[in-house]
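Reading through the structure tokens given below for one structure.
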Amino acid sequence: MSRQEHIVHGFKATLVARAVYMLSSALLMFVLARYLLDTDGYGTLYWVIGILAMVQLIADLGIGKSAARYISEYSEKDPGQIPYLIRSTITIKLIAITFVVYLLLLFHEQIATALGNPEAAPFLAAGVIYIAVFSFSGFTQIAFQGFNNLTYSAGVQALSGFARLIFAVGFTLMGLGALGAFFGYIVGYAISAAVGLALLYYTYYAPYDSAESYEDGLSRRLLEYSVPLTATRSANVVDKQIDTVLVGVFLTPTAVAFYTIAKQITDFVLSPAEALGFTISPNFGEQKASGQLAEARQIYETALTNTMLLYIPAAAGLAIVAGPFITMIIGENYAGAVPVLQILAGFVVLQAITNLTSDSLDYLGRARHRAIAKGGTAAANFGLNIVLIPTMGVVGAAAATVATHTVYVAVNLYIVHLELDLNLLRLGRSIGLICAITGVMAVAVLVVMPMVSSVAVLFGAIALGAATWAVLAVASGLVDPGEVRAAIT
């Protein structure tokens, strides 16, 4: 199987699994928001998850991604080191998790009170389990990525999403409310972690014959490379979650619900770009090690063009249909999320580029530079949120996210250009053509928007936009129907 065929195969598997995960997430969002929880309960649930995501940083460090980087390298160079890498990684994670969950169990009530919501204390107490199971669910996905087994990696994620949906809805229907939904998350991640660890053991640990000894200095390099990855991950999580947490601190759980709904919709839209970035990133490390930078450049440029071909029109369409989509699908109670979603439509394009680029930079050995960029923009995002949320409400949080992420994307693209020497003129022409297609598509959708009076008509307007995009994309030569058919089959 050629490298391109391997990427396409991995992308298909990842995309299908991500589709299962995102569809289950979307269904969970819909059922909880529209039928099972009020806006306060929904906001409290995801506010706590945002807090735990930041606590999780200490439990996860950057050791998982660092291990994936060295697994990718040593699976080719010296497979006998793989068992040592897996053992040392899990040992480090267990030590970190034990430390974090002990402190959280000890101070969960004080943390909830300090953040202005004492009622969140039971969620934080249950968070000690959440942190442990979420950590190992995520680790197995990253480890399989390092082995370039994207089918297993994506399968673990799909399982977590499906199990989370079943148990969260089930526990809520039992009358346990938002706390029951939270326990559904815990059970879902616990199942995926158990399956992922079992697959990792029987597929990649037990079959390997360990070398006579752990390579001298490898454990040190594993920890050293985890430092910039920890910084990047910390900045990334803070960047993604601090706005949600601060909305809860400065405003109300209902405001958190509005902001969370808008972000969840953008996450759903971004799933294909995340799948593609996850698929291609291990190949950059392999290609750099073998000196095949021309092939790496071609893969990245093609992936970036195709990503923009999808996401620039998608962002424009999302901004146009945000109002009727939220009020008709989620419910009138969430109308406050409409302006947030319209602003975050710009974030969709930026995050699509980030999803494609960030992991690739780690595999290219540029984790330190990305960490510096992410740390700076995360700090700026925090400062802007402090200023804008009290004055502009949830809209201010969305504006801060878009402004700071623009800078981060620009830095990422510059670093990729330094590594791969991108053909900027060709990329510029392609993106200019994509913007022109988007303009025509937007006009077509805007013409029919005044007639949208039901869900059926809304989806008809969306279908019209998609059809206009498809016709223009094929006519312009940006999409080859034959290649699309070949990729699907």
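The values are calculated or read from the model by the stated rules, or taken from the named source; none is laboratory data. What you are looking at is a predicted structure, and each value in this text was computed from that prediction instead of being measured. All Cβ positions, glycine included, derive from the backbone under ideal geometry; neighbour counts span all protein chains shown. Surface accessibility is based on the protein's heavy atoms, side chains included, excluding ligands, DNA and RNA. Shrake-Rupley method; radii C 1.70, N 1.55, O 1.52, S 1.80 Å.
What to note about this one:
- Top-ranked residue of region 230-259 - restricted to ones that are among the polar types (S, T, N, Q), modelled with pLDDT of 90 or more and over 15 Å from Leu52 (Cα atoms), ranked as surrounded by the fewest Cβ atoms within 10 Å (Cβ to Cβ): Thr252
- Scope region 146-185; condition within 14 Å of Ala126 (Cα to Cα) and open to solvent by 10 Å² or more (accessible area, probe 1.4 Å); matching residues: Leu176, Ala178, Leu179, Phe183, Tyr185
- Check on Gly80, of a type in the set (Gly, Ala, Ser), closer than 29 Å to Gly116 by Cβ and either out of contact with any helix residue (DSSP H, G or I) (no Cβ under 8 Å at 6 or more places or on another chain) or modelled with pLDDT of 90 or more (or both): no
- Looking only at residues of region 201-229 that are open to solvent by less than 50 Å² (accessible area, probe 1.4 Å) and in contact with a Ser or Thr (Cβ under 8 Å, 6 or more places away or on another chain), we find that the one that is farthest from Gly383 (Cα to Cα) is Leu222.
- Taken as a whole, the condition of being in contact with a helix residue (DSSP H, G or I) (Cβ under 6 Å, 6 or more places away or on another chain) and under 19 Å from Ala322 (Cβ atoms) applies to Ser271.
- Residue check: Gly161 meets all listed conditions (1) more than 18 Å from Tyr46 (Cα to Cα); (2) in a helix (DSSP H, G or I) but one, namely (1).
- Of all residues making up region 1-38, the number that are modelled with pLDDT under 90 and outside any helix (DSSP H, G or I): 2
- Residue among Ala456, Ala436 that alone is over 28 Å from the mean Cα position of the chain (by Cα), modelled with pLDDT under 90 and part of a helix (DSSP H, G or I): Ala456
- Among the residues of region 115-140, those that are closer than 21 Å to Leu61 by Cα and open to solvent by 50 Å² or more (accessible area, probe 1.4 Å) comprise Ile129, Phe134.
- Residue within region 61-68 that is assigned to a helix (DSSP H, G or I), under 30 Å from Ser213 (Cα atoms) and not small (Gly, Ala, Ser) present: yes
- Conditions (1) in contact (Cβ under 8 Å) with a residue 40 or more places away in the chain; (2) surrounded by fewer than 21 Cβ atoms within 10 Å (Cβ to Cβ); (3) under 23 Å from Gly184 (Cβ atoms): number failed by Tyr35: (1)
- Any hit, region 463-470, residues being more than 26 Å from the chain's Cα centre (by Cα) and either among the acidic types (Asp, Glu) or modelled with pLDDT under 90 (or both): yes
- Which listed residue, of Ala53, Ala114, Ala96, Ala125, is small (Gly, Ala, Ser) and within 21 Å of the chain's Cα centre (by Cα): Ala53
- Ser234 within 24 Å of the chain's Cα centre (by Cα) and of a type in the set (Gly, Ala, Ser): yes
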